[in-house]
1. Below 12 Å, Cα to Cα, which aspartates and glutamates can K158 reach? Residues fewer than 8 away in the same chain don't count.
2. Explain nothing, just the number: dipole magnitude of the chain about its Cα centre with +1 on each Lys and Arg Cβ and -1 on each Asp and Glu Cβ, in debye rounded to the nearest 20.
3. Of T29, Q154, F125, which is farthest towards the positive pole of the chain's charge dipole, taken about the Cα centre with +1 and -1 on the beta-carbons of Lys, Arg and Asp, Glu respectively?
4. Output the pairs from K134/K211; K22/K134; K45/K149; K22/K210 with a Cα-Cα distance over 30 Å in this structure; if there are none, say none.
5. Over region 215-280, how many percent of alpha carbon pairs lie in each 5 Å bin up to the one with the longest distance?
6. Just how large is the dipole of region 45-175 about the Cα centre, in debye to the nearest 20, putting +1 at every Lys and Arg Cβ and -1 at every Asp and Glu Cβ?
7. Would you mind estimating how fast region 97-177 diffuses translationally, via Stokes-Einstein at 4 °C and 1.567 mPa s with the Kirkwood radius over Cα pairs, in µm²/s?
8. Listing T60, T23 from the residue with the fewest other Cβ atoms within 10 Å to the one with the most, what is the order?
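Just so it is clear, none of the values below were taken in a lab; they were calculated from the coordinates. These figures come from a predicted structure and were not determined experimentally. So basically every Cβ, Gly included, is an ideal-geometry build from the backbone, and we count neighbours across all protein chains shown.
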Amino acid sequence: MDVVESIADVRRWVRNAKSSGKTVGFIPTMGALHDGHLSLIEAAKRQHAAIVVSIFVNPTQFAPHEDLQRYPRPRERDLELCRNAGAGLVFYPAVETMYPPGSSTFVEVKGLTDRWEGAIRPGHFLGVTTVVNKLFQIVQPNAAYFGQKDYQQQAVIKRMVRDLDMPLEIVTCPTMRDADGLAMSSRNAYLSADQRRAGLCLSRALAEGKKLWHRGTEPQEISQVLQQQIGAEPEVHLDYATVADVDTLEPLESRGMMAVALVACRVGSTRLIDNDLWQS
Ligand code: PAF
């Protein structure tokens with residue numbers, strides 16, 4: 001496995017891979033890798049012979065009060081995990097490589113970024129779409145892999161790729177969960193045992209919501225149940241809980257064939273998000 005820090009080295013590696021007939025699967029990450037990331041590498045390996053992982057804690061997607069400074073950066077462990085998982089290249093750029101002095105161009109997806117994570121974290125998606133766009137320009141993969149856990153993120157990226165005619169496939173892979181049901185996230189490392197138990201209210205509420213959906217309950221009523229359940233958990237601050245359209249992410253007024261339940265809360269200073277897709 002090669003580890004490079006410069007854009008020129010990534011381009012050279014990808015050019016060589018493609019000229020030997022390989023297609024490139026790309027997994028953009030912020031490191032602190034867990035089994036969710038490794039499942040993305042596994043999915044990419046099933047379709048592509050050349051696997052590129054980027055590890056970059058992107059400052060433009062964090063607000064000043066958020067956890068940029070304390071975000072975990074276990075470099076050697078991450079590289080070992082990538083090597084064992086079968087990545088061919090890890091791109092590990094410095095901040096100045098991704099944002100040289102004077103950088104002033106951003107990519108914005110409007111509308112889809114207004115609600116939910118976009119409302120709670122203003123500017124977050126502007127940072128995400130800008131850095132993901134830059135990474136796509138650098139790596140030029142045939143496909144990129146994202147987790148369903150960040151449902152709004154993958155929807156926003158799909159929209160960007162469609163709107164800007166980017167020549168790659170976006171693949172969304174299922175959320176990986178710990179045995180207790182908590183959706184895997186690098187931020188789970190911040191949780192104490194008690195906070196972790198409290199955070200399980202998200203997956204519990206989603207399970208209850210799913211039962212109601214299959215009994216034919218209207219989406220707005222389910223949204224209320226989700227909000228009550230999460231809101232009733234001591235030590236948990238509800239950010240949002242809704243049953244929404246899978247494409248527009250607007251709250252569903254009435255039942256259709258499909259829905260996505262989106263939930264988010266804060267436990268102490270740690271934000272947790274989760275979601276579930278429901279079919280009629
Ligand atoms: O999901 C993440 O880890 C990040 O938002 C991403 C897509 C790597 C962009 O920094």
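1. The reachable aspartates and glutamates, counting only those whose Cα sits under 12 Å from K158, are E169, D247.
2. On the way: 31 positive and 33 negative charges, 145 e Å.
That gives a dipole near 700 debye.
3. T29
4. Numbers: K134/K211 41 Å; K22/K134 22 Å; K45/K149 20 Å; K22/K210 41 Å.
The answer is K134/K211; K22/K210.
5. Reading upward from the zero bin: 4, 19, 28, 22, 15, 9, 3, 0.
6. Values: 15 positive and 13 negative charges, 57 e Å.
In total the dipole reaches around 280 debye.
7. Values: Rh = 13.4 Å.
After rounding, the answer is 97 µm²/s.
8. Working: T60 18, T23 14.
So the residues, fewest neighbours to most, are T23, T60.
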